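Notes follow once the structure below has been shown.
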Amino acid sequence: MNIREWDKKISKKEKNRKSFGPVFVVYILLAFIILFTYSSLNLKNIDYGYKMQELISKTKVLNEEIDKLKAVRANLLNLDRVEKIVTQKLRYQHPKPEQFIKVFEE
Amino acid sequence: MTIKGTLKINKSERNRTFIVFTFFGIWMLIIVVFLIKLQVFNYEKYTARIKAQSNRIFKLHPKRGTIYDVHGEILAISVKTKSLFLSNKNKDQSLALFKQLKKKISLTYKKQRDIFKRIKKGRNFIWIKRKLSEREFLRLSKIKKNKDYKSVIDYIEEYKRVYPQRQLASHIVGGVGIDEQGLSGIEYELNSDIIGKGGKVEVLTDAKHRVFDLKYIDKPIPGKDIYLTIDNSVQYFVEKELSRVVKTQNAKGGTVIVMNSETGTILAMASYPFFNPERISKTNKNVIKNKAISFRYDPGSTFKVILAASALENDICYPQQVFNCYNGVYKIRDRTIYDVHPYAKLSFEDIIIYSSNIGAALIGQKIGKRKYYNSIKEFGFGAKSGIKLPGEEKGTLHPLKKWSSVSIAYLSHGYEVIVTPIQMIRSFNVIASGGYLIKPVIIDRISGIQNIDKEKVKIMDRSTLQRISSIMTDVVNIGTGKKTKIAGIDIAGKTGTAKKVKGKKYRKIYVSSFGGFFPAKNPKITMFVVIDEPKNQFYGGDVAAPLFKSIAEKLLIYLRIFPELDEKNEVRI
């Protein structure tokens, strides 16, 4: 092998070494982008998971509140209570038999 | 020169690269070895530790179903409440805290003493009060915020049964115990449906104890909602009227049942005294009993309707047939039967209209034991009505072989047979419904599914029904039930006054009753009223009949059953 041939071989190797650098960087960059996208998506999923659980527990609490309000409403509509208010507070009276009027439809 | 220099650089680069790669290689190897150790060899140990830290299994208590009336008004509902407990780590601290707590919540003296003893004994877990009221919970918030007591007292969430209508329909709805187990009424009868099924859930938390996932190991099944056939409003004024009459008559108790004549559905069922289901554990057992289905009594003259139906259905008598009524005193073997008002002669119709015991005994003798026994059985006596309520009594109807020679005479006017109010209304409804023996229905639907448990058996002929219905209408128009009369509406009914047995003898204590239906020609409502031991008056026509009337008047308006007009085109209810 003469010096010229030797030189040629060396410059080819150096050329190969020089072109490997940017490719490597591109690969790393790509891997980083994939990793970042995957993890950010996953992080979002985790975040949604927390939000979902929070909403589920809120629904539960709200349903319990609805039940409590239903009970309160039923309490307020208690006929005994309503009658007491009507007769004692508002001083209404039960109608006498002659006070009933039926309108007959022709 | 150029060749030599280039070779030198390459060699040093290679060496450096080798060192770096070797270093990272070893580092990676160590990590891999550690990871294998953690994830393969010690896998179970660390998984268990992680689970213990982040996964917790909770028992889920099912929510008890809600009980509604037919229009969807709530009669019983479960709501979440807090139960207070004490972790007794330091006796002195616990005692000091309990002194503060008892001022904030209502506790009986007995309960206070009990808690005091438990603290002294050194029990770790002590219930202070289960199912606190909203007010009590708010009052305790200051103590709970105190740093010293934060870990000493805590709450457990539990469901509490609430009855917003309080005593309304208490005997039908029933009540539950402290652990929400059904104790009486529908709460007991349909407990397996209402209670639901508990479950287990695995709660996954992160390092900050935030829940990020729930895994159901066993999904809880909530209790089913029950819709009754009861109408809240009807039940209310029935209870009000019943309570008024029991009080004015100074009676021991009473019961009223209102039924839809066509379908046999119960619109109202009241038993006095009432009770508050939220205090069921403190209520006397006799008060909790639903008298409408468990009160056993001799029906007296109301039973003459069964007698008349049997005589007409078997073609043994005809309405105008005349009977000698022996001027109010009739001897049969060693016994004597009396009439309240003496009659020399009465027609078959009049025997029922004026409620002659002697006449009834004579009709009974004409029918004969076997036929009369079969009729009584056909009308559902001696057996449970099948209503979906606990504690129903079946009454007593002795078998034929146990009947004495005077039994038929006594059974004819409602003695020697023990009935319940539900049996009586069911038998009266045979006439109102067009000859059908209908099973009384109290459950309309369960979780939206219509109740199909309906039984209907034809036991009477239409011509017999019309004749009995006309006789019963006369009972109200001109007979013993005159106090039931409402202008413009034909009511068919029968009064009853029966002596009660005390100490194996009939005493001068009475059960007054009235059963009937209206409008007589096209019955919509069948009703039965029983007043137990009235003290001021005792005849069914004086005690039960006016109560029937007052309820009927309200029902007519509420259900929009309008009276027929007279010639003047005027009618007043």
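Contact annotation: residue pairs with Cβ atoms under 6 Å, 6 or more positions apart or on different chains, pairing a residue in the stretch A:54-79 that is at the interface with chain B (Cβ under 8 Å from one of its Cβ atoms) with a partner that is of a type in the set (Val, Ile, Thr), are A:ASP67/B:VAL79; A:LYS68/B:VAL79; A:ALA71/B:ILE77; A:ALA71/B:VAL79; A:ALA71/B:VAL162; A:ALA74/B:ILE74.
Here B:LEU389 fulfils each of the conditions (1) outside any loop (DSSP other than H, G, I, E, B); (2) surrounded by 22 or more Cβ atoms within 10 Å (Cβ to Cβ) apart from (1). Before we move on, is B:VAL406 touching a Ser or Thr at 6+ places or on another chain (Cβ under 9 Å) and either surrounded by fewer than 17 Cβ atoms within 10 Å (Cβ to Cβ) or assigned by TED's automatic domain parsing to the domain that holds B:PRO546 (or both)? When the stated conditions are applied, B:VAL406 does not pass them. Go over the candidates B:VAL173, B:VAL162 one by one and state the one that is among the β-branched types (Val, Ile, Thr) and touching a Phe, Trp or Tyr at 6+ places or on another chain (Cβ under 8 Å). The match here is B:VAL173.
With respect to the conditions (1) farther than 22 Å from B:VAL234 by Cβ; (2) assigned to a strand (DSSP E or B); (3) modelled with pLDDT of 95 or more, B:LYS304 lacks only one, and its number is (2). Candidates are the residues of the stretch B:216-254 that are among the aliphatic types (A, V, I, L, M) and within 12 Å of chain A (Cβ to nearest Cβ); the one that is surrounded by the fewest Cβ atoms within 10 Å (Cβ to Cβ) is B:VAL234. Scanning the stretch A:23-42 turns up no residue that is among the β-branched types (Val, Ile, Thr), within 30 Å of B:LEU204 (Cβ to Cβ), within 13 Å of chain B (Cβ to nearest Cβ) and assigned to a helix (DSSP H, G or I). When B:GLN100 is tested against (1) within 14 Å of another protein chain (Cβ to nearest Cβ); (2) in a helix (DSSP H, G or I); (3) not aliphatic (A, V, I, L, M), just one condition goes unmet, and that condition is (1). Looking only at residues that are within 32 Å of the chain's Cα centre (by Cα) and part of a loop (DSSP other than H, G, I, E, B) in the stretch B:450-484, which one is surrounded by the most Cβ atoms within 10 Å (Cβ to Cβ)? In this case the residue turns out to be B:GLY481. Quick check, is A:GLU83 closer than 30 Å to B:LYS215 by Cβ, at pLDDT 85 or above and within 13 Å of chain B (Cβ to nearest Cβ)? It is false that A:GLU83 is closer than 30 Å to B:LYS215 by Cβ, at pLDDT 85 or above and within 13 Å of chain B (Cβ to nearest Cβ). None of B:ILE30, B:ILE50 is assigned to a helix (DSSP H, G or I), outside the structural domain of B:LYS160 (by TED's automatic domain parsing) and at pLDDT 90 or above except B:ILE30.
If only residues of the stretch B:302-351 that are hydroxyl-bearing (Ser, Thr, Tyr) and in contact with a Ser or Thr (Cβ under 9 Å, 6 or more places away or on another chain) are counted, the one that is farthest from B:ILE418 (Cα to Cα) is B:TYR343.
The values are calculated or read from the model by the stated rules, or taken from the named source; none is laboratory data. No experiment lies behind these values; they were computed from the predicted model shown. Using ideal geometry, Cβ is built from the backbone for each residue, glycine included, and neighbour counts are taken over all protein chains shown.
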